[in-house]
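Take a look at the structure below.
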Amino acid sequence: MSVFNRADDGGVARGERALIVVPERTGEGALRSLDARVEEAAGLAEAIGIDVVGRKSFRLRQIRPASLFGKGQVEEIGELAEAHDAKLLVVDAALSPVQQKTLEEETKCKVIDRTGLILEIFGERAATAEGRLQVELAHLDYQAGRLVRSWTHLERQRGGFGFLGGPGETQIEADRRLIRDRMARIRRELDQVRRTRGLHRDRRQRAPWPVIALVGYTNAGKSTLFNRMTQASVMAEDLLFATLDPTMRQVKIPGFDRAILSDTVGFVSNLPTELVAAFRATLEEVAAADLILHVRDIAHPDSDAQAADVEAVLATLGLAEEGAPPRMEVWNKLDLLPPDQRKELTGEAKRRDDVIALSALTGEGVDDLREAIADRLHSGSQTHHVRLNAGDGPRIAWLHARGDVIEQHADGDQLHLEVKLSPENWARFERL
């Protein structure tokens with residue numbers, strides 16, 4: 001799906017020299033620093049091999065419908081691009097088709113906005129058939145809105161779909177129809193994926209294994225923590241969106257025979273709505289978890305703003321409502337903090353029952369996290385008297401693995417158990 005590895009059909013080759021431009025709206029971003037926004041935009045571009053040769057922020061007094069920026073700012077952007085010999089302009093905002101067209105004409109650069117850039121990253125990183133379908137659906141949704149532009153411009157458009165052809169309104173309408181048809185086919189395939197995932201979740205819920213899902217801002221250290229806890233070798237680099245396709249592995253949790261840890265795609269501020277919709281099937285895994293661990297890069301200057309962005313995405317998935325899985329915060333990257341700040345944050349975490357401070361890189365605090373997960377999974381547990389046939393080995397094993405068996409005695413061919421179970425596990429047991 002990525003077009004940045006292509007030098008033909010108007011695409012942009014990897015290594016293309018790019019200028020990063022970040023618009024700052026008056027009164028915007030109280031939580032997030034402008035410097036951090038500039039750095040993140042550059043990081044997104046570098047994540048797919050773009051050579052960032054310049055970066056600049058502009059304060060917008062008002063948004064111009066035709067170009068986003070003011071006339072003088074557009075001229076300055078063009079001059080900066082020429083001075084840096086940049087052929088690509090990356091705008092850290094969502095651009096309308098008209099704004100994108102105007103900026104390309106005025107700056108003589110190819111232009112990509114934040115949504116398009118994130119879609120490109122996802123297109124390059126998708127490794128599974130499901131991931132590629134989800135990214136293609138998001139790409140098509142994004143491209144569908146770009147077909148209103150004049151055809152001369154459309155012939156240079158990024159996207160590389162083979163059905164984009166000659167000039168004329170008839171061709172645009174034909175392309176719209178082809179895009180709609182392809183999107184409908186992908187949605188049908190993803191619906192089948194969703195049904196299959198649902199069946200797998202039902203099987204897991206009948207098995208005596210809780211599921212713990214890792215969520216968090218991109219590059220917060222989820223995959224490093226995943227590898228530390230499971231001895232896996234999931235890609236974990238200092239790179240935005242290093243993980244795209246979800247991964248599940250067994251993990252040892254005190255008091256449980258086994259548990260499942262799930263590593264998910266990282267979130268980011270202003271995550272394109274096309275991607276949230278396309279990845280809903282994958283993110284439903286989070287909604288079905290027994291516990292959600294929100295991993296935060298506590299050493300990042302914008303950690304609070306990143307946490308707010310993650311919470312906003314979780315809310316769109318219905319995970320901020322009553323009945324959603326319980327959540328804990330994991331304050332990661334303690335090893336990057338100066339001693340005084342590290343001591344202060346560690347003390348604060350210990351005073352709260354929903355926070356664990358650790359370093360996934362060094363392993364400090366990971367054992368505390370395992371204990372905290374066990375405590376949270378057992379929280380709200382109630383004692384139940386259960387009578388089973390002595391030959392009902394699977395359900396007896398289920399209770400021993402998922403609950404805390406306080407007492408057990410046989411009465412003829414009947415087995416009586418006093419077992420402590422969480423409300424969720426008791427409901428699962430009743431469904432067995």
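The values are calculated or read from the model by the stated rules, or taken from the named source; none is laboratory data. Just so you know, these numbers come straight off a predicted model, no measurement behind them. When we count neighbours, we look across all protein chains shown, and the Cβ atoms used for this are built from the backbone with ideal geometry, even at glycine.
Tabulated results
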item	result
Residue within segment 106-119 that is aliphatic (A, V, I, L, M) and touching a Gly at 6+ places or on another chain (Cβ under 8 Å) present	no
Pairs where the first residue, in segment 389-401, is at negative phi and the second is exposed (fewer than 11 other Cβ atoms within 10 Å of the Cβ), C-beta under 7 Å, 6+ apart	ASN389/ASP413; ALA390/ALA410; ALA390/ASP413
Of the criteria (1) in contact (Cβ under 8 Å) with a residue 12 or more places away in the chain; (2) in contact with a helix residue (DSSP H, G or I) (Cβ under 7 Å, 6 or more places away or on another chain), which one ALA372 fails	(2)
Qualifying residue in segment 356-370 (condition: polar (S, T, N, Q) and either assigned to a helix (DSSP H, G or I) or modelled with pLDDT of 85 or more (or both))	yes
Failed condition for GLY323, given (1) modelled with pLDDT under 75; (2) touching a helix residue (DSSP H, G or I) at 6+ places or on another chain (Cβ under 8 Å)	(2)
Test for LEU68: is it farther than 25 Å from SER33 by Cα and crowded, with 21+ Cβ neighbours inside 10 Å	no
Residue check for ARG125: buried (at least 21 other Cβ atoms within 10 Å of the Cβ), of a type in the set (Lys, Arg) and either in the same structural domain as THR218 (by TED's automatic domain parsing) or out of contact with any Lys or Arg (no Cβ under 6 Å at 6 or more places or on another chain) (or both)	yes
Residue within segment 415-424 that is under 27 Å from the mean Cα position of the chain (by Cα) and surrounded by 13 or more Cβ atoms within 10 Å (Cβ to Cβ) present	yes
Test: residue in segment 113-122 that is at pLDDT 80 or above, over 22 Å from GLY78 (Cα atoms) and in contact with a strand residue (DSSP E or B) (Cβ under 9 Å, 6 or more places away or on another chain)	yes
Filtered residue count, segment 319-349, keeping only those that are among the acidic types (Asp, Glu) and either outside any helix (DSSP H, G or I) or within 30 Å of ALA288 (Cβ to Cβ) (or both)	3
Segment 102-118: number of residues that are in contact with a Leu (Cβ under 9 Å, 6 or more places away or on another chain) and in a helix (DSSP H, G or I)	9
Residue in segment 383-396 that is more than 35 Å from the chain's Cα centre (by Cα), of a type in the set (A, V, I, L, M, F, W, C) and in a loop (DSSP other than H, G, I, E, B) present	yes
Criterion (small (Gly, Ala, Ser), in contact with a Pro (Cβ under 6 Å, 6 or more places away or on another chain) and touching a residue at least 24 places away in the same chain (Cβ under 8 Å)) met by exactly one of ALA66, ALA81, ALA93, ALA86	ALA93
Residue within segment 72-95 that is outside the structural domain of ALA305 (by TED's automatic domain parsing), among the basic types (Lys, Arg) and either assigned to a strand (DSSP E or B) or at positive phi (or both) present	no
Matching entry among GLU40, GLU106, GLU46 (being outside the structural domain of ALA308 (by TED's automatic domain parsing), within 25 Å of VAL268 (Cα to Cα) and crowded, with 16+ Cβ neighbours inside 10 Å)	GLU40
